[in-house]
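Worksheet: the structure to be examined is printed underneath.
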Amino acid sequence: MSDPVALELREHFATVEQQRGTADTGMWVFLMTELMMFGGLFVAYTVYRFNHPQAFAEGSASMDIMLGSVNSAILLTSSLTMGFAELSAKLGRQRLLGILLLVTILIGLAFLGIKFTEYVEHYQQHEAPGVWFNRSGPHAPAVQMFFVFYFIMTGLHAVHMIIGIFLILGLISRNMIGSLSAAYHTPVSIVGLYWHFVDIVWIFLYAIFYLPGLHK
Amino acid sequence: MIEAVAEKLEKNYLNEKQGLLSWLLSTDHKRIGILYTFSITCFFFLGGFFALLMRLELLSPRNWLVSAGTYNKLFTMHGIIMVWFFLIPSIPGTLGNFLIPMMVGAKDVAFPKLNLLSWYIFMLGGTVTVYALIRGGVDTGWTFYTPFSTSYSTTYVVAAAVGVFIAGFSTILTALNFVVTIHRMRAPGLTWFKLPVFIWSMYANSLVLILNTPVLAITLVMIAVERIAKVGIFDPALGGDPVLFQHMFWFYSHPAVYTMVLPGMAVISEIIPVFSRKPLFGYKAVAFSSVAIAVLGFLVWGHHMFVAGESVYSALTFSFFSYCVAVPSAIKVFNWTATMHKGSISWDTPMLYAIGFIGLFTIGGMTGLFLAALGLDVHVHDTYFVIAHFHYIMVGGTVMAFLGGVHYWWPKISGKMYPEGLARLSALIVFLGFNLTFFPQFVLGFLGMPRRYAAYPEEFQMLHVLSTAGATILGVGYVLPLCYLLWSWNHGRDAGPNPWRAPGLEWKSTSPPPTHNFEVTPVVTSKLPYDFEAMKEELELV
Amino acid sequence: MITNFRLWPESASSMSGPVDLFFVIMLILCTAVSVAIAVFLIYCAIHYHRKRENELGSQERYNIPVEAAWTIIPFVLFIGMFIWGAKLYFAIERPPDNAITVYAVGKQWMWKIQHPEGQREINELHIPVGRPVKMVMTSEDVIHDFFVPAFRTKQDVLPDRYTTTWFEATKPGKYHLFCSQYCGTKHSGMIGWVYAMSPADYQNWLTQGAPEGSLASTGGKYFHQFGCANCHHFNSQGRCPDLRNLYMRPVLLTTGKTIIADDSYIREKLHNPDAQVPWGFSSGVMPNFTGVVSEEQILALISFIKALGPQPGTQQPSSSGTAPTEYGTQKGIGGPGVTSNAGSQVEKR
Amino acid sequence: MSAPTWKTYLFTYLGLLGLLLVNTLIAFLNLGGFGTVIEIGLATIMACLVAGVLMHGFYQMRLIQIIIAGGVIWFLIMMSLTMNDYFTRGWLPFHEG
């Protein structure tokens, strides 16, 4: 029973192949539920943008495009390092895997840091919805609506990032105790799927929140 | 030697491990199924208690038992508990958990720990909801319509929403588990078209839950955010649109109606062939109609909003799709009926429930046609007609199927037989009580009695009295099975592995089954599902 | 104790006949099918009742023609139902052009009704028999629903939005008015009566009430009271549009879009004056009236603006000519299709 | 197709960065409603790259591709039938009499 593969095989599966495919399938199905969850927000956003196009353009114009684009590039980079991590896991290069996972976490934290900076800026400019919101002009209520969606959607995305960071931390510790190998690296690809999915969500968030207000 | 064999045979999932902890930490799908049975039974009787109070209140046109405010809380909590803590998890959580791995010849579901986790999440959601109830309840109706729920209600809306939100994750995880199990864990040789229709329906059901529950979750989050932070999301004064809430809610809730009845259809599709000793007529049509219901069920949600201020063209689209989704339901009814033709029909309790199901589901479905008709819906929308319609589907359909399924698989679950005579009697009581309760409500609705009225004009009283009388009978019909099933757990006679001579894989195991379901992973060699012909000798049929 | 027991609702509008006919046909069809299924089920259960413990049924698995038949025939029937229902729905949703308008405001937990002639009612609605009545409705708080079972009509009443429904009573009498959308604690108390009266009785009723004059003239009072008249001058080249001949006419906006100046537009201007500003005018001029004017006052103001013309259709509202004279007479200025003075509204066809 | 390599990942990443840049630059042009279509279209291409290459969607078994397609289709159902209401709200004119 020293074979690590056999050790990882849960008793209700017939083969490791079946187990790995099952984990993959399960993760993808889960990601589809995530898609529908963000999807609901996207639908609501679309409806309100359709109803208040000018207000949403106005709200978007107060976004910091510099921070937004840099952050997008940062997140894409973290996806790359995560992808590299999956490759090194498959090749059984445990040390490289550890380093790449750590780098991914650091990049993820950088993203969150910039995001937080943006939140603070919005707060200081009285753009945070609720009692903090203060703006005049014909579209003020609908602009607040824009910021409600901005905060809910990017906030939910940030929560997913934080969960992802904890998942990667889990991978690092599993790697350190040596339970990952070239033969068994399913957890890495599962967490990888999650991380890339969160990246995809951001790509759309960037397109709907930062871009509409750019042209004058 | 003989002793060893006997000991080995006696070991089953119920007695292999003992003690409360062995249940609470079990990842065995059968034990989790029992945990679910316990929880949903509690919730069912809690929700039923609220219903009884409501029926009593409606005996008189004036508020005589409870105040209008209390009445509003009663129907809200009745709805929330019955929908999210009984109907949606009922058959999937109990029979689905118990049977899906057995029917596909697997040792367990794909993710056993996740399965246990989903029960805990369910209980957590239930606890939060019960907390909201104890603190004073909610009065928004189970539909949480804005802006009442976000700006006007002074009750514990957020707590209830959080409870439902949490329970939603349990639903998602269970559904995810089933989908992956059905895809990846089937026994060798068990191809899609050899699967029992139970599996097909549960598969369709799980797909719906996976795709719609997240939308409910996020909608409830928006409600909570709007209520707590006082920002406008659905508030029209701040540029929001309450109709958007209804869109998002019904995008979840209409398919959710199908997730309540699809498992019922799953159970009926198993009972009827076995008690008719005849393969399910039109197997492929029934199997695909489940999938069709799952898909088309997502295209019809706007028929809850014909008078709510949606565009008339949108209403037109939704009405059309509503008629489309009626077709697969009709196919199922006809196929079940045809299965009985030239069968060898027994009058055992599960079959009585199944026949009752077909009748009541037919009435429920037919009245759905009235509601899908745009011009008619304007009159009967938001009246007791709607209440009667969906209770025919959910109580007459799902609860009947659940009871039928519990009786059918009770020998497998407990290893014991229930008392047949008493069971037949209570099936009859349920059927009669149900019709007396809900049929008058169709008339009430057509007369124009609106929903959610704590008091009403006197001319409606006669029908309300009839309905309340029926509800008390129905209550008896529900308490009886609880009593005799519990009694038979210890005192019933031994059932043997296959008392019904059923062809399904689950009956190839002992009763109750061992922890790993099968001593040897079964290999399916028969070419067809429900193959009585090929198993003639094995089942001792001629 | 138990009074007025009945099994069929009263039928008292031009819509109730067609709706009931559809209902009866559906009922006959569905009952026939349900009974047929029930009889067949019972027949099978008895006729094929198991005779021996080890009996096996027929092993027939499918019959494609039969299955096709019970798929296609229901589908065709369903499409028929869909078309019939849709036709009825459009008739119910589309008020005739000659309907008289009555305004309703739903509020927790009462109905406030305003007639163009100036009568105000609470939880009561008086209407003439034989004339189409259009309800223009809004809510002050949550969603309500205007439901008159005897008229087979129902429409949700939403806050910050106008919804409409219409009916033509055919039989004098007293009919229930229900709120059919759950609206809070006393939802079941939000009920009232609709009194359908013969035209003569209705005229009689109209002359009895309304001490304040027509709704449009009340609106005119508000027009001065809230200071609207200070800016929206007659014959002014100033900062504010002339409101004559505005109602239900296209307005070109600063954004280049054209919008119909309907009830919703006028209402929105009071709440959010700087949105959808007409072309040639600037924002920041008109004050915001949110929290200042009530829904009922807005409806009176709309009624006033409506009375400033143009008069749509052939119908002459009884309020015609009662607009305050200070604002000038609206007659003869700018018929439909004519650009109104001062370039306040650039109209497109 | 065989599984992606280090090189594939790197090129995909560079492609993504390029698309991000193009999308941002295009957003500075005033293209009216068409601009939104381009923005969402480019974002969709980027999403496809991530899902297809980094998440191995292009290399996966058929089952998973069907799952992905299902999720996307369901999202589109929700979006289109909801927007159907909002697009057609004003079509039946508010009749005034």
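Taken together, the values in this text are just the output of simple stated rules run on the coordinates, not laboratory data. Everything quoted here is computed from the prediction, not taken from an experiment. Virtual Cβ from ideal backbone geometry, glycine too; neighbours counted across all protein chains shown.
Computed from the C-beta positions of B:L528 and C:R52, the FRET efficiency with R₀ = 22 Å rounds to 0.35. Comparing mean-square fluctuations of D:G32, D:G70, D:G41 from a GNM of chain D with C-alpha springs under 10 Å, the top value falls on D:G32.
The stretch between B:E420 and B:L124 holds 102.9 nm of extra length on full extension. This uses 0.36 nm per residue minus the Cα-Cα distance.
When +1 charges are put on Lys and Arg Cβ atoms and -1 charges on Asp and Glu Cβ atoms, the dipole computed for the protein assembly as shown relative to its Cα centre reaches about 940 debye. Normalising by residue count, chain A has a Cα convex hull of 125 Å³ per residue.
Centroid-to-centroid, using Cα positions, the stretch B:482-499 and the stretch B:323-348 are 29 Å apart.
Each Cα pair under 8 Å and six or more residues apart adds its sequence gap; the mean of these over the residue count of the stretch A:31-209 is a relative contact order of 33 percent. Database note for chain C: Cys without another Cys beta carbon under 4.7 angstrom, C:C30, C:C44, C:C179, C:C183, C:C228.
For the stretch C:1-109, the Cβ-based charge dipole about the Cα centre amounts to some 200 debye (Lys, Arg positive; Asp, Glu negative; other atoms uncharged). Considering only A:S78, A:S189, A:S62, the mean-square fluctuation computed in a Gaussian network model of chain A, springs between alpha carbons under 10 angstrom, is largest for A:S62.
With point charges of +1 on the Cβ of Lys and Arg and -1 on the Cβ of Asp and Glu, referenced to the Cα centre of the protein assembly as shown, which listed residue (B:L65, C:I42, C:C179) lies farthest in the positive direction of the dipole? Final value for the positive-end residue is C:I42.
Taking Lys and Arg as +1 and Asp and Glu as -1, the other residues whose beta-carbon sits under 14 Å from that of B:G93 total +2.
In the neighborhood of B:G79, defined by Cβ-to-Cβ distances under 13 Å, what is the net charge if each Lys or Arg adds +1 and each Asp or Glu adds -1? Local net charge: +2.
Two decimals is fine: what is log10 I(q)/I(0) at q = 0.13, 0.17 Å⁻¹ for the stretch C:3-87, from a Debye sum with one equal scatterer on every Cα and no solvent? Listed by q, the Debye log ratios stand at -0.72, -0.94. With θ taken as phi - 60° and the Karplus curve 6.51 cos²θ - 1.76 cosθ + 1.60 applied, the whole-hertz 3J(HN,Hα) list for the stretch A:186-198 is 3, x, 5, 5, 5, 5, x, 4, 4, 4, 5, 4, 4 Hz, x standing for glycine and proline.
Mean separation of Cα pairs under 8 Å and 6 or more residues apart, divided by the residue count, gives chain C a relative contact order of 15 percent. Other protein chain C-beta atoms within 10 Å of residue C-beta, averaged over A:53-61: 1. Counts of other chain beta carbons within 10 angstrom of each beta carbon in peptide B:521-531 average 1.
Translational diffusion of chain B, estimated by Stokes-Einstein from the Kirkwood radius over alpha carbon pairs at 10 °C in a medium of 1.306 mPa s, is 67 µm² per second.
When the alpha carbon gyration tensor of chain C is reduced to an equivalent ellipsoid, its three semi-axes come out at 52, 25, 19 angstrom, largest first. Ordering C:Q208, C:S198, C:W166 by the projection of their Cα atoms onto the charge dipole of the stretch C:100-208, which places +1 on the Cβ of Lys and Arg and -1 on the Cβ of Asp and Glu, puts C:S198 at the extreme positive end. Based on DSSP H segments of at least four residues, each scored -39500 (n - 2.57), chain C has a per-residue ellipticity at 222 nm of -10500 deg cm²/dmol. For the stretch B:490-537, applying the loop criterion from DSSP together with a ceiling of 13 other beta carbons within 10 Å to the trypsin sites (Lys or Arg not before Pro) yields B:R493, B:K527. The mean number of partner chain beta-carbon atoms within 10 angstrom of a residue's beta-carbon across peptide C:21-32 is 3. Springs between Cα atoms under 10 Å define the GNM used for chain C, and in it the highest mean-square fluctuation of C:F289, C:F304, C:F178 occurs at C:F289. Ranked from largest, the principal axis spans of the Cα set of the protein assembly as shown equal 113, 77, 56 Å. Sorting the Cα pairs of the stretch A:45-135 by distance into bins of 5 Å, from 0 upward, gives 3, 13, 15, 14, 14, 12, 9, 7, 6, 4, 1, 0 percent per bin.
Placing +1 on each Lys and Arg Cβ and -1 on each Asp and Glu Cβ, with no other charges, gives chain B a dipole about its Cα centre of roughly 500 debye.
Taken one residue at a time, the phi angles of the stretch B:34-39 give Karplus couplings (6.51, -1.76, 1.60, θ = phi - 60°) of 5, 4, 4, 4, 4, 5 Hz. Gly and Pro are set to x.
Between the Cα long axis of helix A:65-91 and the first principal axis of chain A there is an angle of about 10°, rounded to the nearest 10. Taking Lys and Arg as +1 and Asp and Glu as -1, the other residues whose beta-carbon sits under 13 Å from that of B:V286 total +1. For chain B, adding -39500 (n - 2.57) for each run of n ≥ 4 DSSP H residues and dividing by the number of residues yields -22000 deg cm²/dmol at 222 nm.
In chain D, the C-alpha radius of gyration followed by the widest Cα-Cα span (Dmax) gives 19.1, 71 angstrom. In this structure, D:T5 and A:Q18 have a Cβ-Cβ separation that, at R0 = 25 Å, corresponds to a calculated FRET efficiency of about 0.40. The calculated FRET efficiency for A:L102 paired with B:N15, based on their beta-carbon distance and R0 = 45 Å, is about 0.35.
For the stretch B:207-280, the relative contact order comes to 30 percent (Cα pairs under 8 Å, sequence separation of at least 6). Residue pairs exceeding 25 angstrom between C-alpha atoms, taken from B:K527/C:K51; B:K194/B:K332; C:K154/C:K221; C:K87/C:K186; B:K278/B:K527; C:K112/C:K154: B:K527/C:K51; C:K154/C:K221; C:K87/C:K186.
Sparse packing (at most 15 other Cβ atoms within 10 Å of the Cβ) combined with a DSSP loop state is found for the following GluC sites (Glu not before Pro) in the stretch B:484-542: B:E519, B:E533, B:E540.
Couplings 3J(HN,Hα) of the stretch B:259-275, computed from phi: 6, 7, 9, 4, x, x, 4, 4, 5, 4, 5, 8, 5, 4, x, 5, 8 Hz, in residue order, whole Hz [Karplus 6.51 cos²θ - 1.76 cosθ + 1.60, θ = phi - 60°; x for Gly and Pro].
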